[in-house]
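Student: Encoded as C-alpha cells, here's the structure I'll be asking about.
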Amino acid sequence: MILDKLVNEYYEDLNENDLHIVNTIHNHLDEMKAMKIQDLADYAHTSISSIHRLTRKIGLDGYSDLKSYIKLNIYNEDTSQDLMELLNQDIQQTMKYMEQLNFHKLNELIDEASFIYIYGTGTAQQDIANNVQRQLWSLHKKSLILRSERDLTDGIDEFGEEDLIFIISLSGESKNLDEIIHMFKTRNIKYISVTTLRNNFLAQNAMFNIYVNSTPFYLYNKVDNSSFLPFHIVFDIIVRKFSEWKMEQQEE
C-alpha cells in the first residue's frame, strides 16, 4: 500500500498523530493527486506544520515530494500486490500498535467490569465476538454477545456504569451506530473500540481505543477483501496480558 514501506522503515519515529495523517492519506488517495496541504490538514484535523514534520520524518523533502511520490506509485498497487507480504505487514503493524497500548488501564477496565458485552458490526466481526466471549469465559469474566444493533439499542437502559462493552468494527463508521454512541455518552456507558487506524466516529468517542492494521486487497477475481486475522491476534494478546497482570498481583 502507498507509503507503507516508508512508514515501516521510520515507524519508531512516528507518533499517533503521524499515523493518523498517513491513514487519512490512504483514505483519500484519489484526491491526493490534486489536494493542497491545507485540504489534507482539514481532512486529518491537524496542522500544516504537523504534515511537514511527518514528511521529514519519513525521509521526504516536503509535501510536494509526498504528492510526487504518490503520483509515481498510485498505479502500481492493485493486482500486483504480494498477498502474503500484505498479511505479514498487517500482523507486524498490529503488533507494533499493541506494544504502544496502555495495558494497565485496559486490564483495570476488564477487571473492574461486572459484566462485559461484545458487539461486532458485521458477520466477520460477530465471529470475532464469539471467540472473545470464549476467551473471557476462560478468564472467569461474565460476558454476552450482542447479535444486532437492536440488541445494542435495547440494552442501553440495562447497561450499568460498572459494565464494559467491546465494539468491533472494520471502519468504525455507521450512521445508526453514531446515534447509539451519542446515547452511550449521555448515560456514561463505557465502551472500547476495536477498529482499523483511521479517522472514525467510533474510536473518537470511545473511552479506550484499540487499533488493528488490516489492508484491503484484491482476490484473483477482482473482489476486494480484508483480513480479520489481526483482530483475533489483538484479543489473544489482550487475554495473555490480562492473565500476566493477574498473576503479578497474586505474587504481590
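The values are calculated or read from the model by the stated rules, or taken from the named source; none is laboratory data. Just so it is clear, the structure is predicted and the values come from calculations on it, not from any experiment. A quick note on method: Cβ atoms are made from the backbone with ideal geometry, for glycine too, and the neighbour counts reach across all protein chains shown. For the accessible areas, the whole protein counts, side chains as well, though only heavy atoms, and no ligand, DNA or RNA atoms are used. Shrake-Rupley method; radii C 1.70, N 1.55, O 1.52, S 1.80 Å.
Student: Would you please name the residue that is most open to solvent (accessible area, probe 1.4 Å), looking only at residues in the stretch 93-124 that are of a type in the set (D, E) and without any contact (Cβ under 8 Å) to a residue 40 or more places away in the chain? Can you show your working first?
Tutor: Step one: filter the stretch 93-124 for residues of a type in the set (D, E), giving 99, 108, 111-112.
Filter once more, so that each one left must be without any contact (Cβ under 8 Å) to a residue 40 or more places away in the chain: 99, 108.
Numbers: E99: 143, E108: 69 Å².
Here the residue is E99.
Student: How many residues are under 15 Å from H232 (Cβ atoms), within 15 Å of the chain's Cα centre (by Cα), of a type in the set (V, I, T) and outside any helix (DSSP H, G or I) if we restrict to the stretch 88-132?
Tutor: Residues flagged as under 15 Å from H232 (Cβ atoms), within 15 Å of the chain's Cα centre (by Cα), of a type in the set (V, I, T) and outside any helix (DSSP H, G or I) within the stretch 88-132 amount to 0.
Student: Follow-up. Considering the stretch 188-199 alone, what residues qualify as being out of contact with any Ser or Thr (no Cβ under 6 Å at 6 or more places or on another chain) and closer than 19 Å to I118 by Cβ?
Tutor: I189, K190, Y191, I192, S193, V194, listed by residue number.
Student: List every residue pair whose Cβ atoms lie under 9 Å apart, where the two residues are 6 or more positions apart in sequence or sit on different chains, the first residue falls within the stretch 232-245 and is of a type in the set (V, I, T), and the second residue, located anywhere, is part of a helix (DSSP H, G or I) and open to solvent by 50 Å² or more (accessible area, probe 1.4 Å).
Tutor: I233/M95; I237/M95; V239/S138
Student: Identify all residues within the stretch 52-87 that are modelled with pLDDT under 85, open to solvent by 70 Å² or more (accessible area, probe 1.4 Å) and part of a helix (DSSP H, G or I); write none if there are none.
Tutor: S64, K71, L72, Y75, N76, D78, T79, S80 - these are the residues of the stretch 52-87 that are modelled with pLDDT under 85, open to solvent by 70 Å² or more (accessible area, probe 1.4 Å) and part of a helix (DSSP H, G or I).
Student: Name the single residue that is surrounded by the most Cβ atoms within 10 Å (Cβ to Cβ) among those in the stretch 180-199 being part of a loop (DSSP other than H, G, I, E, B) and free of Cβ contacts under 8 Å to residues at least 60 places away in the same chain. Reasoning before the result, please.
Tutor: Going residue by residue through the stretch 180-199, those that are part of a loop (DSSP other than H, G, I, E, B) are 187-189, 197-199.
Adding the requirement that they be free of Cβ contacts under 8 Å to residues at least 60 places away in the same chain leaves 187-189.
Values: R187: 11, N188: 10, I189: 20.
Checked the stretch 180-199; the qualifying residue surrounded by the most Cβ atoms within 10 Å (Cβ to Cβ) is I189.
Student: Would you mind finding the one in L177, L202 that is of a type in the set (A, V, I, L, M), open to solvent by less than 10 Å² (accessible area, probe 1.4 Å) and within 25 Å of Y11 (Cβ to Cβ)? Full working, then the answer.
Tutor: Details: L177 fails: within 25 Å of Y11 (Cβ to Cβ).
Of L177, L202, the one residue that is of a type in the set (A, V, I, L, M), open to solvent by less than 10 Å² (accessible area, probe 1.4 Å) and within 25 Å of Y11 (Cβ to Cβ) is L202.
Student: Scan the stretch 218-235 residue by residue and report those that are open to solvent by 50 Å² or more (accessible area, probe 1.4 Å) and either of a type in the set (S, T, N, Q) or touching a strand residue (DSSP E or B) at 6+ places or on another chain (Cβ under 6 Å) (or both). Walk me through it before giving the result.
Tutor: Narrowing the stretch 218-235 to residues open to solvent by 50 Å² or more (accessible area, probe 1.4 Å): 218-225, 229, 232.
Matches in the stretch 218-235: Y218, L219, N221, D224, N225.
Student: I'd like the residue in the stretch 15-51 that is open to solvent by less than 60 Å² (accessible area, probe 1.4 Å) and in contact (Cβ under 8 Å) with a residue 60 or more places away in the chain and, out of all such residues, is nearest to M98 (Cα to Cα).
Tutor: Ranking the qualifying residues of the stretch 15-51, first place goes to L19.
Student: Here's a check for you: in the stretch 208-252, which residue that is in a loop (DSSP other than H, G, I, E, B) and aliphatic (A, V, I, L, M) is modelled with the highest pLDDT?
Tutor: Only one residue tops the list, namely L219.
Student: How many of the residues in the stretch 139-178 are farther than 24 Å from N23 by Cα and not in a helix (DSSP H, G or I)? Spell out how you get there, then give the answer.
Tutor: Narrowing the stretch 139-178 to residues farther than 24 Å from N23 by Cα: 139-165.
If we keep only those that are not in a helix (DSSP H, G or I) as well, we get 139-148, 155-165.
Number satisfying all stated conditions: 21.
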